[in-house]
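A.B. asks: Could you have a look at this structure, given as structure tokens, before my questions?
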Amino acid sequence: MKRLILACTLAAGCGSAVAAAGCPPYVKRTPGGDYTSAEDREGLSVVEQFHFSRAVETLTQGMTGSLGADISYTLEHFPNHHRALASMAKLGLRLKSAQPPGARYTVSCFFERAIAFAPQDVTARMVFGNYLLATGQDAPALEQLDAASRMAPDQATIQYNLGLMYVKKKEYEKASAHAQKAYALGFPLPGLKNKLKAAGKWREPPPSPAPAAVDAAAAEPAAPAVPPAEKPSGE
């Protein structure tokens, strides 16, 4: 049954299987709601103060019991809490468990509830896609990352992870397209580029067109480069 929940995604026909397997939909609580909503987040500090400290987030120590219980409590109030979802995924991977001790639901179920409640939450989909990749579930991972890419085509991390996905599938043309976009958006890690080079499929992007001549006296100094806002993938 746990394998069914772990492998199941939001594809058509999956909802009934999830519900039957013990993954009920999220029902809004007070405090609680959409993690991306300023109004709902007014009660966030109450939950985080007692259940989602830095020690919990980094999987160092629980606050009221097990790590799984504290992260679970946080997600039962704010189902698409991005950092809590990432911590639950890391805990499941660390313990090699679909349902860490103390967690009310499986790792995948927490993601299912988050995306069903907030389907336009790009970050929740991206973190879910990364978790699915890490557990070898390539098809549902690609589904989540593709959906995230359609909603946020200028997110460098999403483009990078899609490139890694397509390299794994040996679909190098698609991998190269996503790689070029990720690096054009400023993604800092060379892992995807190196994989494409190793396969003989990397092409250097064409040089940028030369800037038009300007009066040096009138030109303003260039602004410093800004690093990407996303937390890079580990590749």
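The values are calculated or read from the model by the stated rules, or taken from the named source; none is laboratory data. All values derive from a computational prediction rather than experimental measurement. Backbone-built Cβ (ideal geometry, glycine too); neighbour counts: all protein chains shown. Calculation scope for accessible area: heavy atoms of the full protein, side chains included, ligands and nucleic acids excluded. Shrake-Rupley method; radii C 1.70, N 1.55, O 1.52, S 1.80 Å.
A.B. asks: If the requirement is being at negative phi and open to solvent by 10 Å² or more (accessible area, probe 1.4 Å), which of these qualifies: PRO79, PRO100, PRO119?
C.D. replies: Result of the check over PRO79, PRO100, PRO119: PRO119.
A.B. asks: Within segment 142-164, which residues are more than 19 Å from LEU185 (Cβ to Cβ) and in contact with a Phe, Trp or Tyr (Cβ under 8 Å, 6 or more places away or on another chain)?
C.D. replies: Once the filter is applied, which keeps residues that are more than 19 Å from LEU185 (Cβ to Cβ) and in contact with a Phe, Trp or Tyr (Cβ under 8 Å, 6 or more places away or on another chain), segment 142-164 yields only GLN144.
A.B. asks: In segment 37-50, how many residues are touching a Ser or Thr at 6+ places or on another chain (Cβ under 8 Å) and either open to solvent by 30 Å² or more (accessible area, probe 1.4 Å) or on the phi > 0 side of the Ramachandran plot (or both)?
C.D. replies: Selection size over segment 37-50: 2.
A.B. asks: Related question: Quick one: in segment 169-195, of everything that is under 21 Å from GLY136 (Cα atoms) and of a type outside the set (A, V, I, L, M, F, W, C), which residue is most open to solvent (accessible area, probe 1.4 Å)?
C.D. replies: LYS170
A.B. asks: Sticking with this structure for a sec: If I ask for residues that are of a type in the set (S, T, N, Q) and either touching a residue at least 60 places away in the same chain (Cβ under 8 Å) or touching an Asp or Glu at 6+ places or on another chain (Cβ under 8 Å) (or both), which ones from segment 82-122 would you list?
C.D. replies: Once the filter is applied, which keeps residues that are of a type in the set (S, T, N, Q) and either touching a residue at least 60 places away in the same chain (Cβ under 8 Å) or touching an Asp or Glu at 6+ places or on another chain (Cβ under 8 Å) (or both), segment 82-122 yields SER87, GLN99, THR106, SER108.
A.B. asks: May I ask you to list the residues in segment 27-68 that are in a helix (DSSP H, G or I) and touching a Phe, Trp or Tyr at 6+ places or on another chain (Cβ under 6 Å)?
C.D. replies: HIS51, the sole residue that qualifies.
A.B. asks: Output the residues belonging to segment 152-168 that are open to solvent by less than 80 Å² (accessible area, probe 1.4 Å) and farther than 19 Å from LEU132 by Cβ.
C.D. replies: Initial filter on segment 152-168 (open to solvent by less than 80 Å² (accessible area, probe 1.4 Å)): 152-153, 155-167.
Selection gives PRO153, ALA156.
A.B. asks: Quick one: which of PRO228, PRO206 is at pLDDT below 85 and open to solvent by less than 50 Å² (accessible area, probe 1.4 Å)?
C.D. replies: Of PRO228, PRO206, the one residue that is at pLDDT below 85 and open to solvent by less than 50 Å² (accessible area, probe 1.4 Å) is PRO228.
A.B. asks: Enumerate the pairs (first residue in segment 185-197 and of a type in the set (Phe, Trp, Tyr); second residue anywhere and open to solvent by less than 50 Å² (accessible area, probe 1.4 Å)) with beta-carbon separation below 9 Å, excluding pairs fewer than 6 apart on the same chain, so at least 6 apart or on different chains.
C.D. replies: Hits for this filter: PHE187/ALA156; PHE187/THR157; PHE187/GLN159; PHE187/TYR160; PHE187/ALA179; PHE187/PRO228; PHE187/GLU230; PHE187/SER233.
A.B. asks: Would you check if there is a residue in segment 172-180 being closer than 15 Å to HIS82 by Cα, part of a helix (DSSP H, G or I) and more than 15 Å from the chain's Cα centre (by Cα)?
C.D. replies: Among the residues of segment 172-180, not one is closer than 15 Å to HIS82 by Cα, part of a helix (DSSP H, G or I) and more than 15 Å from the chain's Cα centre (by Cα), which makes the answer no.
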